[in-house]
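Enquirer: Take this structure, written in structure tokens, and hold onto it; I'll ask about it next.
The values are calculated or read from the model by the stated rules, or taken from the named source; none is laboratory data. Computed from a predicted structure; not experimentally measured. Please note: Cβ atoms are built from the backbone with ideal geometry, for glycine as well, and neighbour counts cover all protein chains shown.
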Amino acid sequence: MWIRITGLLLLLVFTPLLKAQERDEAAMVKHSPDFEFNNGIFANFEMVKDNDPISPARIVSDVDMFDRGFYDKITAQKEIIIYDDNGVKKVMKTANIWGYGRNGVLYINVGSAFHRISFVGSISHFVASVTTYSSNYYDPYYNPYYSNSYNYNRYNQPQSNYASSELRQYLLDFETGEVLEYDTKGVEVLLMKDPELADEFMALKNRKKKQMKFVFIRKFNEKHPLYFPE
């Protein structure tokens, strides 16, 4: 009798949980080329995974929210002011926000600029323009541990740095939000979640690995599709 009662209690407790889990799974939609990210600011990566950004209507700005350059203009500012869920104004530093959605497309904040993620999947790929700085003078006597040599060369002439922009390719782990360089090492790290694919990739020669990077990313995404709340 006690066994029957215990079994009945367990059934009453776990049935609602199982049904809730089923509802959650049913409410998820598989990512496809037709999938669209909602318009708005993604303050963090959890918002991206939920496809639940801060809507343009909650952003305080003189820029018309229907302006085609709305997101370019508001992200050009150092701070973005929004209304939270309670209607209270809050200030976000633009440098700290993850990105935004515009016309169904996802943009990520990398290198103090926002870049379109053109290939979305469990392993996503994008190209970013990164600014690098380098000195136009080489001093063999330069000592980084001696303060007087920090800004001046041995002839006591100020050194000047110049900036240049270059395009770099990156990978986004859609499980953790981690951004990695698009190289064999980055692909190896992400493929470790699938031992079979990882072993297959590691068995290739280095030259072949470079050629097959994107092929294995596609294989991984096919085996591990990306899902979003409906």
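Residue by residue, here is whether (1) over 18 Å from E36 (Cβ atoms); (2) exposed (fewer than 11 other Cβ atoms within 10 Å of the Cβ); (3) outside the structural domain of P225 (by TED's automatic domain parsing); (4) touching a Phe, Trp or Tyr at 6+ places or on another chain (Cβ under 7 Å) holds:
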{"residue": "R68", "(1), (2), (3), (4)": "no, yes, yes, no"}
{"residue": "Y71", "(1), (2), (3), (4)": "no, no, yes, yes"}
{"residue": "Q77", "(1), (2), (3), (4)": "yes, no, yes, no"}
{"residue": "I80", "(1), (2), (3), (4)": "yes, no, yes, no"}
{"residue": "Y100", "(1), (2), (3), (4)": "no, no, yes, yes"}
{"residue": "G104", "(1), (2), (3), (4)": "no, no, yes, yes"}
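Enquirer: Going through region 109-127 one residue at a time, which ones are free of Cβ contacts under 8 Å to residues at least 24 places away in the same chain and among the hydroxyl-bearing types (S, T, Y)?
Expert: S112, S118
Enquirer: Looking at region 57-73, which of its residues are in contact (Cβ under 8 Å) with a residue 12 or more places away in the chain and either of a type in the set (F, W, Y) or in contact with a strand residue (DSSP E or B) (Cβ under 6 Å, 6 or more places away or on another chain) (or both)?
Expert: Scanning region 57-73 gives R58, I59, V60, F70, Y71.
Enquirer: What pairs can you find where one residue is in region 179-195 and at pLDDT 95 or above, the other is aliphatic (A, V, I, L, M) and in a helix (DSSP H, G or I), and their Cβ atoms are less than 6 Å apart, with a gap of 6+ or different chains?
Expert: Taking only residues 6 or more apart or on different chains, the pairs are L191/L197; L191/A198; M192/A198.
Enquirer: Same structure, new question: Of (1) surrounded by fewer than 12 Cβ atoms within 10 Å (Cβ to Cβ); (2) part of a loop (DSSP other than H, G, I, E, B), E196 satisfies all except one. Which?
Expert: If we test E196 against (1) surrounded by fewer than 12 Cβ atoms within 10 Å (Cβ to Cβ); (2) part of a loop (DSSP other than H, G, I, E, B), just (2) comes out false.
Enquirer: Filtering region 111-124 down to residues that are crowded, with 18+ Cβ neighbours inside 10 Å and touching a strand residue (DSSP E or B) at 6+ places or on another chain (Cβ under 7 Å), which residue is nearest to P33 (Cα to Cα)?
Expert: Keep residues of region 111-124 that are crowded, with 18+ Cβ neighbours inside 10 Å, which gives 114-115, 117, 120-124.
If we keep only those that are touching a strand residue (DSSP E or B) at 6+ places or on another chain (Cβ under 7 Å) too, we end up with 114-115, 117, 120, 123-124.
Numbers: F114: 21, H115: 18, I117: 13, V120: 9, I123: 15, S124: 13 Å.
The selected residue is V120.
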